[in-house]
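The values are calculated or read from the model by the stated rules, or taken from the named source; none is laboratory data. All values reported here derive from a predicted model rather than from experimental measurement. Cβ: placed from backbone, ideal geometry, glycine included. Neighbour counts: every protein chain shown. Accessible surface is based on the protein model in full, side chains and every heavy atom, while ligands, DNA and RNA are left aside. Shrake-Rupley method; radii C 1.70, N 1.55, O 1.52, S 1.80 Å.
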Amino acid sequence: MGDKYLRKLLIVGTTSLVRRAKYNPATIDPRLADLLARKPTRVATVAMANKTARIIWAIMVRGDIFRTCHWPALAA
């Protein structure tokens, strides 16, 4: 769902990450490496693009900034 062009851009960007992972696996996100080990390449690409879209949406809604090492606050 959503904007087809934006969805396409997310898929293309994630495909680039997957291609880079094949040549230099030490520099990628460990979650992507685990996903690639378990799932076919195209499924892993779409899954990571979906995760990226959800991260972007959360940042926009909260008006926050992206932090690579984010630990969510625990509910009291």
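Count of the stretch 1-11 residues, restricted to those that are farther than 17 Å from Ile55 by Cβ and either within 12 Å of the chain's Cα centre (by Cα) or basic (Lys, Arg) (or both), is 2. Considering the stretch 1-56, and only residues there that are exposed (fewer than 11 other Cβ atoms within 10 Å of the Cβ) and not in a helix (DSSP H, G or I), the residue that is modelled with the highest pLDDT turns out to be Pro40. The lone criterion from (1) open to solvent by 80 Å² or more (accessible area, probe 1.4 Å); (2) part of a helix (DSSP H, G or I) left unmet by Phe66 is number (2).
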